[in-house]
């Protein structure tokens, strides 16, 4: 399968713990995006990378959130000191630069208990 | 700045009847516009896209959308609904310069037999 893959698919964690998610984009795509989707809402933009450079971050991305794409390929999203409000589906997408569509992974569903 | 309003949170149609899912947008730039579909436990899939070419855009599975700049609308239509069309649909405006996409809150389409 050459689509966008995300790992893990599901994560349950206790409040206050740190979690890290991984996204592997389509190999030739230089743009990579992270979104968060809560129940009943559309995905909300968190951040995006062009190659290894993080070019924009949403104000939704608090200091507890950090994303990296060290070699311009896979990306990680870390949430420190998780809170119950962090429970959501975290979506990763990739695209080629320009007006082309983004291809989405199936997401990582985070539940903070 | 950009935003998307999906005018109906739920639409219910009978199988074989037309589908209309309404979307209005605002954008400071000439936008790219997309419709995505999300089936339960599946990733987001692109239905169609508008990127400043023809204003009537044809997508997969018989869906179409028409870009109307004067009305700032990008409504999604299909002449005849199929049971398999039941899903969540998202209208998206994309700003290539900023690299971010803004999603609407989604429209749940129910298809009755």
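Just so it is clear, none of the values below were taken in a lab; they were calculated from the coordinates. On a predicted model such as this, the values are computed, not experimentally measured, just so you know. Counting neighbours? That spans all protein chains shown, and the Cβs are built from the backbone with ideal geometry, glycine included.
Rounded to the nearest 5, what % of the DSSP beta bridges within chain B are antiparallel ones?
Working: 37 of 42 bridges.
Of those bridges, close to 90 percent are antiparallel.
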A correct Stokes-Einstein calculation for the stretch A:44-106, using the alpha-carbon Kirkwood radius, 25 °C and 0.890 mPa s, returns a whole-number D in µm² s⁻¹ of 191
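Counting every Cα pair in the stretch A:1-84, what percent are over 20 Å apart? Walk me through the numbers on the way to the answer.
Details: 1200 of 3486 pairs.
Percent of Cα pairs beyond 20 Å in the stretch A:1-84: 34.
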Each residue of B:35-42 has, on average, a number of other protein chain C-beta atoms within 10 Å of its C-beta equal to 2
Per residue of B:99-107, other chain Cβ atoms within 10 Å number on average 6
Under a Gaussian network model of chain A whose springs join Cα atoms within less than 10 Å, the largest fluctuation of A:62, A:27, A:87 belongs to A:62
For the protein assembly as shown, the Kirkwood Rh over every pair of distinct alpha carbons, in Å, works out to 18.1
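Have a look at the DSSP beta bridges in the protein assembly as shown and tell me what percent are antiparallel, nearest 5.
90
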Across B:46-54, the residue-averaged tally of Cβ atoms belonging to other chains within 10 Å stands at 2
What the Cα atoms of chain B span along the principal axes, largest first and in whole Å, is 43, 28, 22
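Can you tell me the relative contact order of the stretch A:23-101? Whole percent, Cα pairs under 8 Å, sequence separation 6 or more. If you can, show how the numbers build up before the last one.
Details: 148 pairs, mean separation 30.8, N = 79.
Reported as a whole number, the value is 39 percent.
Considering only DSSP beta bridges where both residues belong to the stretch A:1-110, give the percentage that are antiparallel (nearest 5).
Details: 34 of 36 bridges.
Around 95 percent of the beta bridges assigned by DSSP in the stretch A:1-110 are antiparallel ones.
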Label model pair residue B:41, residue B:20: point-to-point distance (7 angstrom along the Cα→beta-carbon line) in nm is 3.5
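Which FRET efficiency value, to the nearest 0.05, do you get for residue B:1 and residue A:80 by plugging their Cβ-Cβ distance into 1/(1 + (r/R0)^6) with R0 = 22 Å? Provide the component values of the computation, followed by the final result.
On the way: r = 30 Å, r/R0 = 1.36.
With R0 = 22 Å, the Cβ-Cβ based efficiency is 0.15.
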For chain B the mean separation of alpha carbon contacts under 8 Å (6+ apart) over residue count, i.e. relative contact order in percent, is 37
